[in-house]
């Protein structure tokens, strides 16, 4: 019992973070479902607000990369199985992995605000999905669509980043 990992206090902290992770994954899945129900005001394929990213950014800032990454992957698998199918899951994995890695790297620099990190996440999510489409469809002409997705990623990233900042500042501490 000399190791710190076996102390009751550390065990309580891990249990609490696991419970919060499960709630965050469920909330992100709910946001994914809500986003499926909301009609997009601009009828352009591939453009979404990215509500689930709200949960992922807060998890990144509050719980760290491992928890945020895991929450995002659980949400992608569950949403893929429930709403979008295998190809939707593949696109979401590509966008989600690129997005969370870039957000984490920018977060670690301490040079970007939560809004800036969110903007980069929105753009990288779109880029990851677009690159995946190029590979799966064997067509690089699809990259011409990036200017539209760049703009939508920036706008949605700003909105989600502002909302995440406001919410994160109002949340109580997750651990004692």
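The values are calculated or read from the model by the stated rules, or taken from the named source; none is laboratory data. These numbers come from a predicted model, not from an experiment. Cβ sites come from the backbone with ideal geometry, for glycine too, and all protein chains shown count toward neighbours.
Residue selection: residue 78 fails the criterion of being in contact with a helix residue (DSSP H, G or I) (Cβ under 7 Å, 6 or more places away or on another chain) and surrounded by 22 or more Cβ atoms within 10 Å (Cβ to Cβ).
For the stretch 18-45: of the residues being in contact with a helix residue (DSSP H, G or I) (Cβ under 6 Å, 6 or more places away or on another chain) and within 16 Å of residue 84 (Cα to Cα), which is surrounded by the most Cβ atoms within 10 Å (Cβ to Cβ)? The residue in question is 28.
Can you tell me which of 118, 113 is buried (at least 21 other Cβ atoms within 10 Å of the Cβ) and modelled with pLDDT of 95 or more? Can you show your working first?
Numbers: 113 fails: buried (at least 21 other Cβ atoms within 10 Å of the Cβ).
The match here is 118.
Taking the criterion of being surrounded by fewer than 16 Cβ atoms within 10 Å (Cβ to Cβ) and at pLDDT 95 or above, would at least one residue in the stretch 86-100 satisfy it? Looking through the stretch 86-100, none of the residues is surrounded by fewer than 16 Cβ atoms within 10 Å (Cβ to Cβ) and at pLDDT 95 or above.
With a requirement of 1 or more residues that are closer than 17 Å to residue 167 by Cα and under 11 Å from the mean Cα position of the chain (by Cα), the helices (runs of 4 or more DSSP H) lying completely within the stretch 27-127 that satisfy it span 52-63, 65-79.
Within the stretch 109-127, residues that are without any contact (Cβ under 8 Å) to a residue 40 or more places away in the chain and at negative phi reach partners that are crowded, with 18+ Cβ neighbours inside 10 Å and in a helix (DSSP H, G or I) with beta carbons closer than 6 Å, at six or more positions or on different chains, in the pairs 112/106; 120/102; 120/106; 123/153; 124/98; 124/99; 124/102.
Look through the stretch 132-160, keep the residues that are more than 17 Å from residue 96 (Cα to Cα) and touching a residue at least 60 places away in the same chain (Cβ under 8 Å), and return whichever of them is surrounded by the most Cβ atoms within 10 Å (Cβ to Cβ). Step by step, filter the stretch 132-160, then rank; the result is 159.
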